[in-house]
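Each remark here refers to the structure printed beneath this line.
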Amino acid sequence: MKNIKFLFLLILPILGCKKDDDTQNDQDFYFPSNTNSSWETKSLVDLGWNESAVNPLKEYLIQKNTKSFMILVNGRIVMEEYFDGHTKDAIWQWNSAGKTLVSATTGIAQQEGWIDINTPVSQYLGNGWTSEPLDKEKLITPRHLLTMTSGINDENNLVIKSNLTYLVDAGTRWSYHNVFQKLMDVVASAGKQDFEAYFNAKLKNKIGMEGYWNNGLIFDIYHSNTRSMARFGLLAQNKGKWQNEQIIAEDFFKASTQSSQSINPSYGYLWWLNGKSSFMVPGGQTMFTGPLIPSAPSDIYAAMGAEDQRIYVIPSKNMVVIRMGKAAEPLNPSFALSGFDNELWQKINAVIN
């Protein structure tokens, strides 16, 4: 009995320390205020990062037509850089990185009971929202739109009914297509209000973002300042939770940032995923072996937009990285992925490792 009591006394302080550590970790995550412009910072010295590698990173960013760049650790700003006359209040387009905002808003609409992502889209938009045969159209669910597996012909990315023709059955082919934007119509129809009004009330205003949706050539594009993009990155790092409010249901968010189908394992619900065995890219059906960004941490999930708009979320390092700007390679601009990602992460690794 004495030995048991002694063992218990040894274990008790350990359990107490673990609880203190967990509490400290929770408290260490910082959310910027929604009501003022203050934002806590963390120095490279405190993190033990390599200061001598910062200037080569900045030079690379300038060379690659970057407008703004941020690194955050546990929500605090470690680097915040602006180039080419850009400022922290300047607005820039997210391009397809904004798809993740649509994914998040779809998840919110589901948790509020407005939609079910496994129900046919035609339940919300009515029969005939595509030019497919009705039996094929009814196979398409919001989940297929979230995962780029609608089966709709991808020859034309302009989302008008005449272009939404049948190619294969939903769920049998992965193809990067702007038909995802029909999710905005699904949310608007189910919630009986304008998509942007719903997005503003349920997501944007809750995390203190500043921005707006603007009609692009082929789909609505979100515009904001860099810090607003960073706020969404922090929400994503915290699995849909902002301070004490779970804005996006955690189970939906976790599903968003995991392989959503086996055809392209590097794609979730409009999020790109690193560290998988293979990946596909927009505009083709070629399967490439290996991870999306070989030089980057394997657990990254990323919002990626044309001309290299980026939100990288790195859970293992408690980091969010933001890049906005013009195309890194103007003569060969990307729709989402590009070799820029791998080169950029080589420069970032030199700083953080």
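Solvent-free Debye calculation, one equal scatterer per alpha-carbon of the chain: log10 I(q)/I(0) at 0.10, 0.11, 0.13 Å⁻¹ equals -0.63, -0.75, -1.01.
Volume per residue of the convex hull around the Cα atoms, evaluated for region 54-146, comes out as 175 Å³. Helix 99-111 and the longest principal axis of the Cα set of the chain meet at an angle near 90°. The value of relative contact order for the chain, using C-alpha pairs under 8 Å at least six residues apart, is 21 percent.
Averaging the sequence gap over all C-alpha pairs within less than 8 Å and six or more residues apart, then dividing by the number of residues, gives region 154-310 a relative contact order of 14 percent.
Ignoring aspartates and glutamates fewer than eight residues from Lys67 along the same chain, the ones with Cα atoms less than 15 angstrom from its Cα are Glu59, Glu80, Glu81, Asp84, Asp89, Glu307, Asp308, Glu329.
Using bins of 10 Å that start at zero, the share of Cα-Cα pairs per bin across region 49-100 amounts to 20, 47, 30, 3, in whole %. Distances between placed amide hydrogens fall under 5 Å for Val78 paired with Lys42, Ile71, Leu72, Val73, all partners being 5 or more residues away or on another chain. Once you mark the GluC sites (Glu not before Pro) that are in a DSSP loop and have at most 16 other Cβ atoms within 10 Å, what is the longest gap between them in the chain? So the longest stretch without any such site is 211-353.
Treating only the Cβ atoms of Lys and Arg (+1) and Asp and Glu (-1) as charged, compute the dipole magnitude of the chain about its Cα centre; round to the nearest 20 debye.
Dipole size: approximately 580 debye.
Considering only Thr41, Thr106, Thr257, the mean-square fluctuation computed in a Gaussian network model of the chain, springs between alpha carbons under 10 angstrom, is largest for Thr41. Ignoring aspartates and glutamates fewer than eight residues from Lys317 along the same chain, the ones with Cα atoms less than 14 angstrom from its Cα are Asp28, Asp299. Under 14 Å of direct C-alpha separation, and excluding same-chain neighbours fewer than eight residues apart, Lys136 reaches these aspartates and glutamates: Asp169. Remark: for residue pairs Lys204/Lys254; Lys42/Lys347; Lys42/Lys239; Lys161/Lys239, the C-alpha separation exceeds 25 Å in Lys161/Lys239. Site pair Glu329 and Asp84 shows an inter-label distance of 1.7 nm when each label is modelled 7 Å from Cα along Cα→Cβ.
The numbers here are math on the coordinates, done by the rules we state, and not lab data. Owing to the predicted nature of the structure, the values given are computational and were not obtained by experimental measurement. With ideal geometry, Cβ positions are generated from the backbone for all residues, glycine too; neighbour counts draw on all protein chains shown.
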